[in-house]
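Notes follow the structure.
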Amino acid sequence: MAKLRHLIIFLLPVILLIFATACGDAESALGSGGLTSYGGEESEIDADEDGIIDEAPEEVNDLFTPDDLQAFRDEGLPIFLGLEPVDVTGEYIANTLRIAYDDEGVSGSFDDYVYDLFNQTEQNSIVLSYAGVSGDESLGNSGFIAGNGTCFSIFAIIKDHNDQDNCDYERNSIYSGCIDSSGSISGFAFGFVISNLQGDCTQTLPLGHMRIIEETDGQAACH
Ligand SMILES: [Ca+2]
Ligand SMILES: [Ca+2]
């Protein structure tokens, strides 16, 4: 029996890899889209009601309260908690981004963006960069990742710059999705609250503004 147990322990990571491969394999067919149709188990945010987010790196509490996360979830953003997130490192292209929720009712869509997720560690830290074809980019944002199984959420303060009004802004952000069998991100969606403004900023979203953006075709494909 001891031998069998060792074999199972040895094979477990291999079995998990079969179900969730990091970005790099061939792309699969596109998903059907939507904010909530990708499964994955969304656990309670603060089941013990101690004001601390359960099953997330403790640093996430520096960015969000349990109530903040619930507010995003109430507007349709999936939030996946857990301390054993899947390996999400890779480059992903989002080519059908649109606003799914905006607290002032703004709607709209965006040109293509490439997201680069890298330096994921066993302490569940990770770095996120993005670059849009519009020229908008933000590089080297440190954050933390939560999740179990194939679904994950990344929590990070994103720093960016608005050329229109020469505004430096920060947004406390959550990026969610599930790594599918092709290594792409199914159900890619993200939400943010504007948390800091420096400069003129009359053309930039105001402090406290909340928005959720989703990949409408359902998949941010491995790039
Ligand atoms: Ca708690
Ligand atoms: Ca897509």
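Nothing in this text is a laboratory measurement; each read-out follows from the coordinates by a stated rule. These figures come from a predicted structure and were not determined experimentally. Here Cβ is always computed from backbone atoms with ideal geometry, including for glycine, and neighbour counts include all displayed protein chains.
Here's the picture: charge each Lys and Arg Cβ at +1 and each Asp and Glu Cβ at -1 in region 144-223, and of ALA156, LEU197, ILE212 the one pushed furthest to the positive end of that dipole is ALA156. The string of couplings for region 133-148 from the Karplus curve (6.51, -1.76, 1.60, θ = phi - 60°) is 5, 6, x, 5, 8, 8, 10, x, 7, 7, x, 9, 10, 10, x, 9 Hz, one whole number per residue in order, with x for Gly and Pro. Across region 163-223, the mean sequence separation of Cα contacts (distance under 8 Å, 6 or more residues apart), normalised by length, yields a relative contact order of 38 percent.
Mean projection of the Cα convex hull over all viewing directions, computed for region 60-172: 7.7 nm². Among 127-135, 104-112, 41-49, 90-98, sorting by the average number of other beta carbon atoms lying within 10 angstrom of each residue, highest first, gives 90-98, 127-135, 41-49, 104-112.
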